[in-house]
Amino acid sequence: MEPEIIAEPVNQLSTWTAKGMQLVVEYAPKVLMALIVLWIGSLLIRMLASLLNKVLDRRGVEPTLKRFLHSLVTISLRVLLFLTVIQMMGVATTSFVAIVGAAGLAVGLALQGTLANFAGGTLILLFKPYKVGDLIEAQGILGTVKEIQIFTTVLLTPENKTAIIPNGAMANGNIINYSADGKMRVDLTMGVAYGEPLDKVRQVLEGVMNANSLVLQEPAPSVTVNKLNLEGIELAVRPWCDPKDYWTVYFGILEQGITALQAAGINGPKPSMTVTTKHA
């Protein structure tokens, strides 16, 4: 009876060995090919990431956006490489991809506004309609760009208030960039009484603007008649300056101009009324 008892384990061992050899023969080429693809794919991802960094450096992309795009591209390619490798090894990825797709759709619907702001921030950082330090007007707010983030743009208004505007609205709305050309016209209005010599008035105001070190000489400042009011003549006073000096020039020329006109004996606008009577 002893030979019969020993024969059964030996037969089972032989069966397991045969099955193991069959699995090795069947899966070894797949595993080997998958490892080769994984190695080559990893090298290609590193090369593409390096190339992307060079392209972004040439375009002068903001460091924040550069890091984000590098991470996004690298992680996406690695996920695709992982799915490819496990599929080559015989693992079914259809259900996994479907689950990831459904989860992505749900997250996308829940974060529509956030994703719109992210897309807007990406476009702003790529195409640069404005940069930090520019004086812009957007969404009804005038201010200096303090910071450009992925989701929002931070402005500092002339009243020293911080305005935080979503990038989705910034990318889809109108933007006036006063700093793009490097110089900006300051629009002032001043008035004088009827009967005052316009040549003298123009000489006084142009002298004030030319004497101000913040006023640019090119384009030359100008003084022109804007309109005729009941009280007097309204003048358009137009100095040019660096955008960062806009408010300094605005208030400075306004005050200096009034003082100079008064010193020159030029009267300001005066309310007037003509009464006509008829005798019966």
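The values are calculated or read from the model by the stated rules, or taken from the named source; none is laboratory data. These numbers were taken from a predicted model, which means no experiment stands behind them. We place every Cβ from the backbone using ideal geometry, glycine too, and count neighbours over all the protein chains shown.
Does S179 satisfy the condition of being buried (at least 18 other Cβ atoms within 10 Å of the Cβ) and either touching an Asp or Glu at 6+ places or on another chain (Cβ under 7 Å) or not in a helix (DSSP H, G or I) (or both)? Working first, answer last.
Details: buried (at least 18 other Cβ atoms within 10 Å of the Cβ): yes; either touching an Asp or Glu at 6+ places or on another chain (Cβ under 7 Å) or not in a helix (DSSP H, G or I) (or both): yes.
Yes: the conditions hold for S179.
Just checking, which of E218, E206, E196 is in the same structural domain as T248 (by TED's automatic domain parsing), in a loop (DSSP other than H, G, I, E, B) and without any contact (Cβ under 8 Å) to a residue 24 or more places away in the chain? Outline the logic, then answer.
Working: E206 fails: in a loop (DSSP other than H, G, I, E, B); E196 fails: without any contact (Cβ under 8 Å) to a residue 24 or more places away in the chain.
Result: E218 is the single residue among E218, E206, E196 that is in the same structural domain as T248 (by TED's automatic domain parsing), in a loop (DSSP other than H, G, I, E, B) and without any contact (Cβ under 8 Å) to a residue 24 or more places away in the chain.
If a residue must be among the charged types (D, E, K, R) and touching a Leu at 6+ places or on another chain (Cβ under 8 Å), how many such residues does the range 30-79 contain?
3
Would you point out the residue of the range 120-136, among those that are more than 14 Å from N172 (Cα to Cα) and of a type in the set (V, I, T), that is farthest from the chain's Cα centre (by Cα)?
Here the answer is I136.
For the range 189-230, which positions are β-branched (V, I, T) and more than 15 Å from I266 (Cα to Cα)? Can you show your working first?
In the first step, residues of the range 189-230 are kept if they are β-branched (V, I, T); the result is 189, 192, 201, 204, 208, 215, 223-225.
Answer for the range 189-230, where residues must be β-branched (V, I, T) and more than 15 Å from I266 (Cα to Cα): T189, V215, V223, T224, V225.
Return a yes/no flag: does the range 67-83 have any residue that is farther than 28 Å from A171 by Cβ, surrounded by 15 or more Cβ atoms within 10 Å (Cβ to Cβ) and either at pLDDT 70 or above or not assigned by TED's automatic domain parsing to the domain that holds N167 (or both).
Within the range 67-83, the subset farther than 28 Å from A171 by Cβ is 78, 80-83.
Narrowing further to those that are surrounded by 15 or more Cβ atoms within 10 Å (Cβ to Cβ): 81, 83.
From the residues that got through so far, the ones that are either at pLDDT 70 or above or not assigned by TED's automatic domain parsing to the domain that holds N167 (or both) too are 81, 83.
Looking through the range 67-83, at least one residue is farther than 28 Å from A171 by Cβ, surrounded by 15 or more Cβ atoms within 10 Å (Cβ to Cβ) and either at pLDDT 70 or above or not assigned by TED's automatic domain parsing to the domain that holds N167 (or both).
When the residues of the range 243-260 are narrowed to those that are without any contact (Cβ under 8 Å) to a residue 40 or more places away in the chain and under 30 Å from G195 (Cβ atoms), which ends up farthest from the chain's Cα centre (by Cα)?
At the first step, the residues of the range 243-260 found to be without any contact (Cβ under 8 Å) to a residue 40 or more places away in the chain are 245, 248, 251, 255, 259.
Still in the running and under 30 Å from G195 (Cβ atoms): 251, 255, 259.
Numbers: F251: 30, E255: 36, T259: 42 Å.
Among residues in the range 243-260 that are without any contact (Cβ under 8 Å) to a residue 40 or more places away in the chain and under 30 Å from G195 (Cβ atoms), the one farthest from the chain's Cα centre (by Cα) is T259.
Identify all residues within the range 221-242 that are among the β-branched types (V, I, T) and either within 39 Å of the chain's Cα centre (by Cα) or assigned to a helix (DSSP H, G or I) (or both); write none if there are none.
Result: V223, T224, V237.
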